[in-house]
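The structure under discussion appears below in the form of structure tokens.
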Amino acid sequence: MLPLESKFKLEKINNFLIQITPISLEEKILFVRNFQVMIKAGLSLSLILKILVEQTKNRKLRKVLFEIHQGVEKGGLLSENFAKYPSVFPEIFVNMIKAGEESGKLEDILNQIVIQMKKIHELMGKVRGAMIYPAVVVIMMIIIGILVMTFVVPKIITIFEEVQVALPLATRLLIAISKFTSQHGLIVLGVAALFIVLFSKLISTKSGKFYFHFCLLKMPVFSEIVKKVNLAKFSRTFSSLLAAGLSIIETFRITSGVLSNVHYRNFVFKATEEIKKGESIAKTLKKSPQLFPPVVTQMIAVGEETGTLDSILDDLTEFYETDVKETMDAFASIIEPILIVLLGIAVAGLAIAIIMPMYSLTQQI
């Protein structure tokens, strides 16, 4: 048997590994789907949680579900126990579960949660997938450029130095860059890594995120993608929370926390105060046409007047989610010409810097 001190150390290591284990959205979707199926089958909450603990492979999620199971066994509400783990179950999830408990429609609410999670997962997956192509191309361009400057250009430089001819400005610049890269390559890599770390830290701060997200809303091509993604999230979340039976004010407050762009988040959160004062949703959203275009506010106004706001929001959700998917499908064809032009400029500059002095040498011979 292990001594007590060794057991304590192993337990600490195990707890640490559990804490750092990520829980993917796919695992959460599977958990909610299984929960919904067992609720539909008529199983008790205690038994459902016990089964889920036994079949969950993710160590962190299993530990959380085990503790939730213990809380439910002691008589606590399901939503109250979920709320103890905000890093795993966000506020929107907890509030929808709470609404399901109060209305007695937990099965329907769980089904809505699964649909919402799947749709948002598909949406963000589409965005990430479209960004991979340009990111890979840019990274490969940088790597090839560094390799050329470090290993290829120095061999060509020796020819020019031996002949000792007057070199054009482009060639002298290329030589200077190549020598600096060769002699100070590690410093360059260190500075680049430091810049990336500092930039990541900067945009994670409140003010840094504010200005970075503002720039994204103003950048060509990217601004439309950011707006469409946030409008799709807004419509999807708003619609789900309304269907769950939450009040408009509570719906607005929770929706603001789901939006990825800080300017959308701040505006929707502030809009909660306007709606508390009796202002209509459409009029409130009209105050920021750069974030909520007229088509959104007009459709919401129609929904408020006719009492069909939930179905209008479903239509908006479908429209923007489809729009984002189509935009992401076309993104490669939009960004490809820009990458080709940049690559062409880089290759042309390199070719001119090397060919011009060679042409001068042939003229002298």
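The values are calculated or read from the model by the stated rules, or taken from the named source; none is laboratory data. Not measured: the values here are computed from a predicted model. Heads up, the Cβs are rebuilt from the backbone with ideal geometry, glycines too, and the neighbour counts pull from every protein chain shown. In case anyone asks, the SASA skips ligands and DNA or RNA and just uses the protein heavy atoms, side chains included. Shrake-Rupley method; radii C 1.70, N 1.55, O 1.52, S 1.80 Å.
Observations, loosely collected:
- Relative contact order %, segment 251-330, counting alpha carbon pairs below 8 Å whose residues are six or more apart: 16 percent
- Segment 165-277 - percent of accessible surface contributed by carbon and sulfur, probe 1.4 Å: 70 percent
- With the highest mean first, a sort of the peptides 98-105, 72-79 on other beta-carbon atoms found within 10 angstrom per residue produces 98-105, 72-79.
- Solvent exposure of segment 20-153 amounts to 54 Å² per residue of accessible area, where only protein heavy atoms count and the probe is 1.4 Å.
- Relative contact order of the chain: 17 percent, from C-alpha pairs under 8 Å at least 6 residues apart in sequence.
- Of LYS105/LYS126; LYS118/LYS228; LYS60/LYS218, those spanning more than 29 Å from alpha-carbon to alpha-carbon: LYS105/LYS126; LYS60/LYS218
- Cross-link reach is defined here as a Cα-Cα straight distance under 12 Å, omitting same-chain residues fewer than 8 places apart; for LYS50 the aspartates and glutamates meeting it are GLU67, GLU73.
- Value of Rg/Rh across the chain [Cα atoms, Kirkwood radius]: 1.12
- Mean projected area (nm²) of the alpha-carbon convex hull when segment 227-322 is viewed from all directions: 5.2 nm²
- Between LYS270 and THR306, the modelled labels are 3.2 nm apart [label points 7 Å from Cα along Cα→Cβ].
- Total charge dipole magnitude, segment 230-347, about the Cα centre, Cβ charges on Lys, Arg, Asp, Glu only, Debye to nearest 20: 600 debye
- Normalised contact order of segment 164-262, rounded percent, pairs of Cα under 8 Å and 6 or more residues apart: 19 percent
- Amide H within-cut-off set for PHE89, under 5 Å, with H built and near neighbours excluded: none
- Of all accessible heavy-atom area on segment 46-157, the percent that carbon and sulfur account for (1.4 Å): 64 percent
- Computed with a 1.4 Å probe over protein heavy atoms only, the accessible surface of segment 272-365 comes to 59 Å² per residue.
- Kyte-Doolittle mean at least 0.5 and Cα axial length at least 30 Å: DSSP H helices in the chain: 106-147, 309-364
- Sum of -39500 (n - 2.57) over DSSP H runs of 4+, divided by residues of the chain (222 nm, nearest 500): -28000 deg cm²/dmol
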